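Engineer: Structure in structure tokens, see below.
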Amino acid sequence: SDKIVNQTARYSLFLSFDWQFSKTAGFNTITYLQPDFLDPQDYRVSSETSLRFTISKKVSFRVVYNLFYDTNPPNGIPGTSYYLNNAISVRF
């Protein structure tokens, strides 16, 4: 089988923001940008955004949204993907 090898040097930039807007709720986001050194039009973006809620001293809940975008994805791979997760945390 023929293998296609693509070697690219990228640098990473990121932006992070966290906001506790009440005693029991907060918002957090972090976004990464990874452009190609030689071709800035070829870049990737990855982002995670979450809302968190404290239910009790031991239980919390999070809704997490993830987004991935690539301007030049490999053949057969979508350029954009995203998903939503819910998580419950219990501390012992």
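The values are calculated or read from the model by the stated rules, or taken from the named source; none is laboratory data. None of the values given here were measured: they were computed from a predicted structure. Virtual Cβ from ideal backbone geometry, glycine too; neighbours counted across all protein chains shown. All accessible areas refer to the heavy atoms of the entire protein, side chains included, with ligands and DNA or RNA removed. Shrake-Rupley method; radii C 1.70, N 1.55, O 1.52, S 1.80 Å.
Engineer: Loop-only check: which trypsin sites (Lys or Arg not before Pro) in region 17-78 are DSSP coil with at most 13 other Cβ within 10 angstrom?
Structural biologist: Working: sites: 23, 44, 52, 57, 58, 62; in loops: 23, 57, 58.
When the trypsin sites (Lys or Arg not before Pro) of region 17-78 are filtered for loop state and at most 13 Cβ neighbours within 10 Å, 23, 57, 58 remain.
Engineer: Just to confirm a number: summing +1 for Lys and Arg and -1 for Asp and Glu over residues other than residue 33 whose beta-carbon lies under 10 angstrom from that of residue 33, what do you get?
Structural biologist: Details: positive: 10, 44; negative: none.
Taking every other residue near residue 33 into account, the sum is +2.
Engineer: Can you work out the accessible area per residue across region 1-72, with the rest of the protein chains kept in place, probe 1.4 Å, in square angstrom? Don't jump to the answer; show the numbers that get you there.
Structural biologist: Numbers: 5520 Å² over 72 residues.
Averaged over the residues of region 1-72, the accessible area is 77 Å².
Engineer: Give me the percent of the accessible area of region 17-56 that comes from carbon and sulfur atoms, probe 1.4 Å, all protein chains in place. Please list the in-between numbers first.
Structural biologist: Numbers: 1670 of 2700 Å².
Here it works out to 62 percent.
Engineer: Among the lysines, which have Cα under 23 Å from the Cα of residue 3 when same-chain residues fewer than 8 positions away are ignored?
Structural biologist: Answer for residue 3, where 23 Å is the Cα cut-off: none of the lysines qualify.
Engineer: Something else about it: What list of ³J(HN,Hα) values in whole Hz, one per residue of region 33-38 in order, does the Karplus curve 6.51 cos²θ - 1.76 cosθ + 1.60 (θ = phi - 60°) give from phi, with Gly and Pro shown as x?
Structural biologist: Once rounded to whole Hz, the list reads 10, 10, x, 6, 4, 8.
Engineer: Give me the distance in nm between label points sitting 7 Å out from Cα along the Cα-to-Cβ direction at residue 85 and residue 54, one decimal.
Structural biologist: Label at residue 85, label at residue 54, 2.3 nm between them.
Engineer: Consider the candidate values [x] 8.5; [y] 8.8; [z] 5.8; state which one is mean projected area of the Cα convex hull in nm² computed from the structure displayed.
Structural biologist: [y]
Engineer: While we're on this one: With the dipole of region 35-92 worked out from charges on the C-beta (+1 for Lys and Arg, -1 for Asp and Glu) around the Cα centre, which of 66, 92, 43 lies farthest toward the positive end?
Structural biologist: Among 66, 92, 43, the one farthest towards the positive end of the dipole of region 35-92 is 92.
Engineer: In whole Hz, what ³J(HN,Hα) sequence does region 64-80 give by Karplus (6.51, -1.76, 1.60; θ = phi - 60°), x for Gly and Pro?
Structural biologist: These are the phi-based 3J(HN,Hα) values: 10, 10, 10, 10, 10, 9, 9, 6, 9, x, x, 3, x, 10, x, x, 10 Hz.
Engineer: Then there is this: Could you pull out the chymotrypsin sites (Phe, Trp or Tyr not before Pro) across region 1-71 that fall in loop regions by DSSP (anything but H, G, I, E, B) with no more than 14 other Cβ atoms inside 10 Å? Could you put the intermediate results ahead of the total?
Structural biologist: Working: sites: 11, 14, 17, 19, 21, 27, 32, 37, 43, 53, 61, 65, 68, 69; in loops: 11, 21, 37.
Here the chymotrypsin sites (Phe, Trp or Tyr not before Pro) that fit, given the DSSP loop and packing criteria, are 11, 21, 37.
Engineer: Additional query: For a paramagnetic label modelled at 7 Å from the Cα of residue 8 toward its Cβ, which residues of region 54-79 fall within the zone defined by backbone nitrogen distances under 12 Å?
Structural biologist: Under 12 Å, as judged by backbone N against the label point of residue 8, lie 69-75, 79 of region 54-79.
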